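Notes for the one structure printed next.
The values are calculated or read from the model by the stated rules, or taken from the named source; none is laboratory data. Model, not experiment: these values are computed from the prediction. Cβ sites come from the backbone with ideal geometry, for glycine too, and all protein chains shown count toward neighbours.
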Amino acid sequence: MAAACVAAWPAWAQDASVAAPSQQIIVTGNPLRQADPAAPASVLSEEALATRRSSTLGETLDGLPGVAATGFGPNASRPVIRGQDGDRIRILSNAGASLDASSLSFDHAVPLDPLVIERIEVLRGPAALLYGGSALGGVVNAIDNRIPKSPLAPLSGALELRGGGAASERALSGLVEGGVDGLAWHADAFARRTSDLAVPRFTVDGDSRTRVINSASDAKGGALGVSRVWQDGYVGASVDTYRNDYGVVVEEDISISMKRDKLALAGEWRALPGPISTVRAQAAFTDYQHQEIEGTGEVGTTFATKGSDARIEVVQTSTALGAGRLDGAWGLQWERSRFSALGEEAFVPTTRTQQLALFGLQRWSLNKEWHLSAGLRGERVQVDSDGDADGGTPRFGPARQRHFHPLNLSLAAGWRLGEGWEASASLARSQRAPTSYELYADGVHAATAAYERGNLNQAVESGRQFDLGLAWQGGPHSARISLFHSRFSNYIALAATGTDFTTDEGDLVPIYEFRGVPARLHGLEAEGRWQAWSQAGQTLTLEAQADLVRGERSDTGEPLPRLAPWRVSLAADWQSGPWGLRLDVQHAARQDRVDANDTPTPGWTLAHLRASWTTRLAGHDTVLFARVNNLGNTLATSASAIPTVRALSPLPGRSLAAGVRVAF
């Protein structure tokens with residue numbers, strides 16, 4: 001596997017988000033494993049990840065169609081999909097829940113390092129609703145081979161060393177795996193250190209800077225996994241650990257020390273006789289904690305999440321229905337977690353969340369040209385608060401309990417129009433249960449510089465989504481466009497109350513309250529690839545991409561916060577045997593559509609140059625790669641970052657990064 005990954009690396013210059021539509025079968029939210037080229041989805045496989053890998057998941061995915069990043073400095077950045085983030089984006093690890101505290105606050109990192117991820121799938125819009133209302137914006141699934149799913153060569157591996165960049169990154173990662181007599185095993189490890197991020201000169205309160213203060217990091221981790229594999233299935237387990245110490249850019253003397261340990265189990269049984277053809281099952285147990293450490297070395301606040309999740313999918317045997325065939329799958333998902341925040345900056349009580357969900361998908365292929373599908377997911381969600389049981393200043397009141405029963409439904413149709421064209425349409429009704437902090441928060445949140453108050457009477461968030469997609473594939477050429485519209489009757493937003501709170505230090509901070517408001521979002525995503533020239537082993541491919549999202553409250557017309565502006569990117573990719581060269585130009589328009597608590601974000605244009613060389617050194621497949629980011633050293637900021645951090649952490653300045661990957 002490792003050798004195959006390196007052999008594919010010359011294709012890293014095909015980086016544009018995804019390979020040709022017809023070449024991809026998305027496994028996330030697709031238990032039937034059937035291709036749908038016009039669906040709103042992107043895939044980053046190993047060769048594309050080679051050049052996009054950053055220190056965070058958000059940075060790695062930023063710039064894919066419809067995807068931005070929260071950008072809380074270089075160390076804590078979650079994906080934003082179609083203007084949605086937080087608990088409207090479901091982040092998965094091998095299709096299982098990633099239990100952490102990253103959705104609670106922008107300065108909390110996702111405990112997944114792109115260095116050890118082999119494939120990332122991004123689903124946008126209704127295609128993700130089999131994972132519930134918390135995926136109404138989309139799903140990001142980080143996939144690795146820590147639990148091997150198929151037989152492996154007796155011994156293989158890969159080692160990658162990279163360094164440089166705007167954060168002076170020093171990173172090393174490696175994996176070794178093998179198999180014999182139906183037994184397969186995997187081991188990997190990584191270590192990454194960065195310094196304060198170098199940026200174009202900017203000013204903070206009259207102070208001129210070329211570095212983002214307190215943005216260094218030190219991360220490391222590893223995993224061991226083993227499986228029993230056979231022709232029609234596997235069963236296995238893995239253990240992994242993740243550690244990350246990083247600075248919080250909005251407070252120069254605060255750092256976060258994070259750790260996460262996880263045990264995962266998974267299995268699949270295929271080619272079963274009778275009405276069931278395949279059964280897939282997985283479970284995971286997670287222990288997460290991070291401490292916010294003051295400049296004195298004292299622990300200010302400790303956040304902890306312990307939980308487990310399990311999911312089982314049963315795929316029914318394909319049967320004839322009318323002139324076509326009916327395929328389908330049913331499943332059950334269960335999650336339980338306990339969250340606590342103890343210390344000075346705890347603004348939510350200790351809470352427990354339990355979720356039980358039943359879901360199903362049926363697809364009727366009328367003929368080779370048409371298919372219809374319907375999906376549903378019903379949930380029972382319980383969110384409990386311990387109130388003031390943890391002691392300290394009374395603030396959260398008595399223990400409380402809320403129950404919710406969200407129901408998500410979707411209908412979709414696909415057409416093969418001929419001559420490489422395919423179209424899709426989907427309609428969905430989504431519901432999301434409020435999170436613990438949307439119900440029970442009551443305190444100052446340092447990351448947003450506001451006093452946040454939950455709403456005990458919060459109802460489920462309800463919305464409707466409509467999606468249209470059109471894709472074309474003609475040999476090495478491809479194109480795809482998606483249009484979407486979402487309307488919510490009860491969009492849970494953090495709204496200003498117009499009053500202030502006086503802190504113990506005498507500072508005034510605005511009070512915000514989570515409340516349901518009517519809202520709508522709409523937009524488009526487009527991408528295309530054209531092989532302009534191919535001769536004697538050399539190719540020149542031109543690529544283009546654009547996306548747009550607009551969102552506002554339906555009652556007032558006020559824009560929803562932190563939406564990315566209109567974005568356009570162009571790329572030229574040249575391949576000649578073992579050599580690869582790629583030029584990317586990205587443009588973001590000025591964002592003037594901002595809410596009352598934000599300011600417009602200037603537009604910008606950035607250019608990046610990347611090169612690679614594939615060879616054999618000492619008998620091993622080897623790839624050497626280099627990239628120069630932000631060729632013009634242009635000062636740029638992200639409209640999807642919160643205002644408090646945007647002024648302190650511009651996008652990276654001009655930098656050179658290089659690396660080597662060797663497979664054996």
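Return yes or no: is S215 surrounded by fewer than 17 Cβ atoms within 10 Å (Cβ to Cβ) and among the hydroxyl-bearing types (S, T, Y)? No, not satisfied. Can you tell me which residue in segment 367-406 is farthest from the chain's Cα centre (by Cα), limited to those that are part of a loop (DSSP other than H, G, I, E, B) and polar (S, T, N, Q)? Step by step, filter segment 367-406, then rank; the result is T393. Within the option set V239, V235, being touching a residue at least 24 places away in the same chain (Cβ under 8 Å), of a type in the set (A, V, I, L, M) and more than 26 Å from R78 (Cβ to Cβ) holds for one residue only, V235.
Checking A658, A596 one by one, the residue that is modelled with pLDDT of 95 or more and among the aliphatic types (A, V, I, L, M) is A658 and no other.
When L624, L656, L581, L631 are screened for being in a strand (DSSP E or B), under 27 Å from T210 (Cα atoms) and over 25 Å from the mean Cα position of the chain (by Cα), only L656 passes. From the list V444, V460, the lone residue that is among the β-branched types (V, I, T), surrounded by fewer than 21 Cβ atoms within 10 Å (Cβ to Cβ) and within 19 Å of L407 (Cβ to Cβ) is V460. Within segment 180-212, take every residue that is assigned to a strand (DSSP E or B) and hydroxyl-bearing (S, T, Y) and give me the one that is surrounded by the most Cβ atoms within 10 Å (Cβ to Cβ). Per the stated criteria, the residue is T194.
Output yes when any residue across segment 302-310 is touching a residue at least 60 places away in the same chain (Cβ under 8 Å), touching a helix residue (DSSP H, G or I) at 6+ places or on another chain (Cβ under 8 Å) and not in a loop (DSSP other than H, G, I, E, B), and no when none is. Checked against the condition, which is being touching a residue at least 60 places away in the same chain (Cβ under 8 Å), touching a helix residue (DSSP H, G or I) at 6+ places or on another chain (Cβ under 8 Å) and not in a loop (DSSP other than H, G, I, E, B), segment 302-310 yields no hits at all.
Taking segment 535-556 as the search range and keeping residues that are of a type in the set (G, A, S) and either at pLDDT 95 or above or in contact with a helix residue (DSSP H, G or I) (Cβ under 9 Å, 6 or more places away or on another chain) (or both), which one is surrounded by the most Cβ atoms within 10 Å (Cβ to Cβ)? The extreme case among them is G551. Would you confirm, using the coordinates I've provided, whether A266 is in contact (Cβ under 8 Å) with a residue 12 or more places away in the chain and part of a loop (DSSP other than H, G, I, E, B)? Considered against the rule, which asks whether it is in contact (Cβ under 8 Å) with a residue 12 or more places away in the chain and part of a loop (DSSP other than H, G, I, E, B), A266 comes out as no. A residue that is modelled with pLDDT under 95, closer than 20 Å to P561 by Cβ, buried (at least 16 other Cβ atoms within 10 Å of the Cβ) and not aliphatic (A, V, I, L, M) occurs nowhere in segment 385-392.
Just to verify a result, which residue in segment 452-488, among those that are more than 26 Å from the chain's Cα centre (by Cα) and among the polar types (S, T, N, Q), is nearest to F347 (Cα to Cα)? Ranking the candidates gives N455 first. Of all the listed residues (P79, P126), the sole one being surrounded by 24 or more Cβ atoms within 10 Å (Cβ to Cβ), under 30 Å from R529 (Cα atoms) and either at pLDDT below 90 or among the polar types (S, T, N, Q) (or both) is P126. Of the residues making up segment 357-384, those that are surrounded by fewer than 19 Cβ atoms within 10 Å (Cβ to Cβ) and under 30 Å from G443 (Cβ atoms) number 2.
Among the residues of segment 534-567, the ones that are within 21 Å of the chain's Cα centre (by Cα), in a strand (DSSP E or B) and not basic (K, R) come to 6 in all. Hey, can you tell me all the residues within segment 11-45 that are within 28 Å of A271 (Cβ to Cβ), modelled with pLDDT under 80 and among the charged types (D, E, K, R)? Matches in segment 11-45: D36 only. Within segment 145-178, the set of residues being part of a strand (DSSP E or B), touching an Asp or Glu at 6+ places or on another chain (Cβ under 7 Å) and surrounded by 21 or more Cβ atoms within 10 Å (Cβ to Cβ) comprises R162, S173, L175. Scanning segment 250-282 for residues that are acidic (D, E) and touching a strand residue (DSSP E or B) at 6+ places or on another chain (Cβ under 8 Å) yields D261, E268.
Might you check whether a residue that is more than 23 Å from A412 (Cα to Cα) and modelled with pLDDT of 95 or more occurs anywhere in segment 362-370? Scanning segment 362-370, I find no residue that is more than 23 Å from A412 (Cα to Cα) and modelled with pLDDT of 95 or more, so the answer is no. Checking each residue of segment 243-251 against the condition of being modelled with pLDDT under 95 and farther than 16 Å from S55 by Cβ gives at least one match.
Residue by residue, here is whether (1) part of a strand (DSSP E or B); (2) under 27 Å from G157 (Cα atoms); (3) of a type in the set (S, T, N, Q) holds:
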site: A636; (1), (2), (3): no, no, no
site: A639; (1), (2), (3): no, no, no
site: T644; (1), (2), (3): no, no, yes
site: L648; (1), (2), (3): no, no, no
site: L651; (1), (2), (3): no, no, no
site: V662; (1), (2), (3): yes, yes, no
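Just one of the listed residues (T60, T56) is of a type in the set (S, T, Y), closer than 24 Å to A526 by Cβ and surrounded by 23 or more Cβ atoms within 10 Å (Cβ to Cβ), namely T60. Within the bounds of segment 481-491, is there any residue that is buried (at least 19 other Cβ atoms within 10 Å of the Cβ), touching a residue at least 60 places away in the same chain (Cβ under 8 Å), over 28 Å from S649 (Cβ atoms) and in contact with a helix residue (DSSP H, G or I) (Cβ under 7 Å, 6 or more places away or on another chain)? Yes.
Checking each residue in segment 408-427 for being outside any strand (DSSP E or B) and small (G, A, S) picks out only G420. Taking (1) outside any loop (DSSP other than H, G, I, E, B); (2) more than 16 Å from the chain's Cα centre (by Cα); (3) farther than 30 Å from F466 by Cβ in turn, L130 satisfies each apart from (3).
Yes/no matrix, rows are residues, columns are (1) surrounded by fewer than 21 Cβ atoms within 10 Å (Cβ to Cβ); (2) within 30 Å of A496 (Cβ to Cβ):
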position: A589; (1), (2): yes, yes
position: A596; (1), (2): yes, yes
position: P602; (1), (2): yes, yes
position: H608; (1), (2): yes, no
position: V623; (1), (2): no, no
position: A626; (1), (2): yes, no
position: L631; (1), (2): yes, no
position: L635; (1), (2): yes, yes
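For the condition on the phi < 0 side of the Ramachandran plot, within 13 Å of the chain's Cα centre (by Cα) and buried (at least 23 other Cβ atoms within 10 Å of the Cβ), A41 qualifies. Number of residues in segment 241-264 that are of a type outside the set (V, I, T), within 22 Å of the chain's Cα centre (by Cα) and surrounded by fewer than 20 Cβ atoms within 10 Å (Cβ to Cβ): the value is 6.
So that you can scan it fast, the table gives a plain yes or no per residue for (1) basic (K, R); (2) within 17 Å of R432 (Cα to Cα):
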| site | (1), (2) |
| --- | --- |
| L326 | no, no |
| R338 | yes, no |
| L356 | no, yes |
| A374 | no, no |
| G397 | no, no |
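Of the strands (runs of 3 or more DSSP E) lying entirely inside segment 428-533, those carrying at least 2 residues that are modelled with pLDDT of 95 or more and under 30 Å from V568 (Cβ atoms) are 461-474, 477-502.
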